[in-house]
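To keep things clear, I will list the structure first and then write my remarks on it.
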Amino acid sequence: MIGSEEIRMVPLAHLHLSELNPRQSCTEAEIEALAMSLRTVGLLQNLGGLEEGPEKIGVVAGGRRLRALKLLAQDEEGAGEGRLIPIKITSDKAEARAWANTENAARMALNPADEIAAYGEMADRGALPETIAKAFAVSVRHVKGRLKLAGMAPVILDALRAGDITLDVAAAYTVAEDVEAQTTVFNRMQGSWNADDPSAIRRALKRDAEDASGLSAFVGRDAYEAEGGSITEDLFGEDVYFNDVALLNRLAEEKMQHLAAEMKAEGWKWVETSLEGLDYTRIYKLQTLTAERVSFTEDEAARYSELAALIEANTCTEEERGEYAVLGERNRARIWTPEQRSVSGVMLAMDYQGDLVSRFGLVSAADEAEAVAKGICSARSSGATGDAGKAKGPYSGALETDLAAIRTGAIQTAILRKPELALDLLTFALTHPMYGGVFPVGIRTDTARNLPDVGADAVSLSERLIAEHAGYMGQEDAADAFVAFREKAKKERNAMLTEAIARAFGAGLALDKANPIVEAIAEIAEARAREVWTPDRTFFARLTASQLMKIERDVLGEEALKDRPAKEAKRALVDRLDAIFNGLDAAPELTAEQKSRVEAWTPEGM
């Protein structure tokens, strides 16, 4: 008996399809497709056969491959029936039958790079994705995905084949169709700290389009394509790039001017527009009016009081309750009066996410005297800051609030890792009376604000800290929920407690009047803002040019900036810091010490 592990090289002419082979029938197209794949990548897996006599072996495993090899033998490019084929042979019929029944159990997978090359070559020969899928026993979707990678630069395919990069990294290069550009970026990024970051690769290849992400959201794809703008999508269609930034800028400016014209038609004295966000420094210097509350007529006021009395007595109809709600909404509404609009203006801007942001009722210094004379506002004392007696901090009020939210999220994240600290906080709060506002944890079911209004995309928090709670429960639901809660494992209940305490924690920035107990808890929890947040262009755009220059000096050092001009355009500073902090292609080469300073830097008070 021949050993079951013996593999011999046998002439193709000596092989035939055994009656034990489960694949007794298959289509001609299927065999042709498999033959094409064998011609492309060769025979990756040996056949299995039963020795039936001299120079006669019945193939029990690999019937489709045998027929494809026979078809190639008829081709002038084939080696004919004398071609030697690797086949594992046994003379034991029971063993051969076992091979036959399990021939599909172990299929040798191609290296992704070889797979891409093989699919590409078959496609070049005219094979459709469906044909290739049948030949390799994979899905059509899988084939189409690999074919999108077939046009990649050879140097990238070689790196994939060698295992130097992953398929995700290789796929990132497909955002650019230019093979030369792919090669250039690939070579430039080798050895860099973010060479295996797909996002960094896409940004490097589509830098202009990436910069236009806010513009594209503001303009809209339909409007852009209607003007002839071209689009590039990545391999999986998850990222869309707008290639014509100049067209986007023109369309965005036209849209902004249209909005400004609408505002002017409503009677506002002036309207300023910007595609680079609101100028908070300028807004801070202007006096801001408050929209007037809508006043009831005498009849409306009387009716509102009448309906309120009916509701209080629980004798109102559903129609009356609806009428009361409508009147209440009207009573809470505010409007800008013609007199207010005649002396104030509007700032319209596009933020970095492409959203329209605005500020209404802004009184310029030139219009303030007129507004005061008309009784619309009061004169401000010279040097007013908007908050009497409050020293001006390093950031605008809005930015300080957003940074406090980010810091809150960082401390909440640290508390999630320390269940014992969470229990200590709860116990301390329940056993140590304190004045309101002293302790940063309240007994609450909502979540302390932990995401900024602007720049939330740069913050990465656990789903446990941002998921919405279920709605409020009634008595019966609460009783059932409590019984179910007590049936949970102790570990699960403890995790729920830790999450609740973390979500309830709120913190401000540690500036002039930092809360000592907040700072102590942050230190004990080992909270780090950069764990959940990376400064990006949205953040940098909200700082002054002098603040941006200081950040650059702090992370790069004075020596690195000695040849820089004393003053630079703010946009250039924003672009450069965004590149440095996010590892973009435009970033200068950093030393290990500079990288460490970049990774550790946080705004004042964080």
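The values are calculated or read from the model by the stated rules, or taken from the named source; none is laboratory data. Nothing here was measured: the structure is a model prediction, and the numbers come from that model. So basically every Cβ, Gly included, is an ideal-geometry build from the backbone, and we count neighbours across all protein chains shown. For accessibility, only protein heavy atoms count, side chains too; no ligands or nucleic acids. Shrake-Rupley method; radii C 1.70, N 1.55, O 1.52, S 1.80 Å.
May I ask you to say which residue of Glu300, Glu253 is of a type in the set (Asp, Glu), closer than 27 Å to Arg542 by Cα and without any contact (Cβ under 8 Å) to a residue 60 or more places away in the chain? If you could, list the steps in order and put the result at the bottom.
On the way: Glu300 fails: closer than 27 Å to Arg542 by Cα.
Going through Glu300, Glu253 in turn, just one is of a type in the set (Asp, Glu), closer than 27 Å to Arg542 by Cα and without any contact (Cβ under 8 Å) to a residue 60 or more places away in the chain: Glu253.
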So which residues in the stretch 497-518 are assigned to a helix (DSSP H, G or I), over 27 Å from the mean Cα position of the chain (by Cα) and among the hydrophobic types (A, V, I, L, M, F, W, C)?
Leu497, Ile501, Ile517, Val518
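Every residue in the stretch 534-546 that is assigned to a helix (DSSP H, G or I) and either open to solvent by less than 40 Å² (accessible area, probe 1.4 Å) or at pLDDT below 85 (or both), please.
Arg537, Thr538, Phe539, Phe540, Ala545
Assess whether Leu399 counts as being within 30 Å of Lys269 (Cα to Cα), part of a helix (DSSP H, G or I), modelled with pLDDT of 85 or more and open to solvent by less than 70 Å² (accessible area, probe 1.4 Å). Walk me through how you get there before you give the answer.
Values: within 30 Å of Lys269 (Cα to Cα): yes; part of a helix (DSSP H, G or I): yes; modelled with pLDDT of 85 or more: yes; open to solvent by less than 70 Å² (accessible area, probe 1.4 Å): yes.
Here the answer is yes, as Leu399 does meet what is asked.
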Any chance Val555 is touching a residue at least 40 places away in the same chain (Cβ under 8 Å), part of a helix (DSSP H, G or I), open to solvent by less than 30 Å² (accessible area, probe 1.4 Å) and in contact with a Lys or Arg (Cβ under 8 Å, 6 or more places away or on another chain):
yes
Read through the list (1) in contact (Cβ under 8 Å) with a residue 40 or more places away in the chain; (2) open to solvent by less than 40 Å² (accessible area, probe 1.4 Å), then give the number of the only condition that Glu266 fails.
(2)
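Do you know which residues across the stretch 477-495 are of a type in the set (Lys, Arg) and assigned to a helix (DSSP H, G or I)?
Within the stretch 477-495, the subset of a type in the set (Lys, Arg) is 486, 488, 490-491, 493.
Passing the criteria: Arg486, Lys490, Lys491, Arg493.
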Leading residue by the ranking (most open to solvent (accessible area, probe 1.4 Å)) among those in the stretch 287-321 that are charged (D, E, K, R) and closer than 30 Å to Met347 by Cβ
Arg293
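The rows are residues; the columns are (1) at pLDDT below 90; (2) exposed (fewer than 14 other Cβ atoms within 10 Å of the Cβ); (3) over 19 Å from Gly455 (Cβ atoms); (4) among the acidic types (Asp, Glu).
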site: Ala504; (1), (2), (3), (4): yes, no, yes, no
site: Ala522; (1), (2), (3), (4): yes, no, yes, no
site: Val532; (1), (2), (3), (4): no, no, no, no
site: Leu548; (1), (2), (3), (4): no, no, no, no
site: Ala560; (1), (2), (3), (4): yes, no, yes, no
site: Lys567; (1), (2), (3), (4): yes, yes, yes, no
site: Arg576; (1), (2), (3), (4): no, no, no, no
site: Ile580; (1), (2), (3), (4): no, no, no, no
Have a look at Val372, Val363, Val459 and point out the one that is within 38 Å of the chain's Cα centre (by Cα) and either under 28 Å from Pro603 (Cα atoms) or modelled with pLDDT of 80 or more (or both).
Val459
Considering each of Leu465, Leu511 in turn, give the residue that is of a type outside the set (Val, Ile, Thr) and surrounded by fewer than 17 Cβ atoms within 10 Å (Cβ to Cβ).
Leu511
Which numbered condition Trp270 fails, given (1) at pLDDT below 80; (2) over 28 Å from the mean Cα position of the chain (by Cα):
(1)
Consider the stretch 269-286. How many of its residues are assigned to a strand (DSSP E or B) and open to solvent by less than 60 Å² (accessible area, probe 1.4 Å)?
4
Only one residue in Ala217, Ala226, Ala200 is modelled with pLDDT of 75 or more and within 14 Å of Gly583 (Cβ to Cβ). Which one?
Ala200
Quick check on Leu356: is it at pLDDT 90 or above, open to solvent by 80 Å² or more (accessible area, probe 1.4 Å) and within 40 Å of the chain's Cα centre (by Cα)?
yes
Where residues in the stretch 419-453 are under 28 Å from the mean Cα position of the chain (by Cα) and open to solvent by less than 70 Å² (accessible area, probe 1.4 Å), which of them is modelled with the lowest pLDDT?
Thr447
Taking the criterion of being more than 27 Å from Val185 (Cβ to Cβ) and acidic (Asp, Glu), would at least one residue in the stretch 570-582 satisfy it?
no
Tell me which of these Trp193 doesn't satisfy, since it passes every other one: (1) open to solvent by 60 Å² or more (accessible area, probe 1.4 Å); (2) at pLDDT 85 or above.
(2)
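Do any helices (runs of 4 or more DSSP H) entirely within the stretch 1-116 hold 1 or more residues that are modelled with pLDDT under 70, over 30 Å from Leu167 (Cβ atoms) and open to solvent by 60 Å² or more (accessible area, probe 1.4 Å), and if so, which? Spell out the reasoning first.
Details: elements: 28-41, 63-74, 93-101.
Qualifying helices (runs of 4 or more DSSP H): 93-101.
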Tally the residues that are open to solvent by less than 10 Å² (accessible area, probe 1.4 Å) and over 25 Å from the mean Cα position of the chain (by Cα), restricting the search to the stretch 139-151.
1
If you go through the stretch 589-599 one residue at a time, do you hit one that is part of a helix (DSSP H, G or I), open to solvent by less than 30 Å² (accessible area, probe 1.4 Å), of a type in the set (A, V, I, L, M) and more than 25 Å from Ser460 (Cα to Cα)?
no
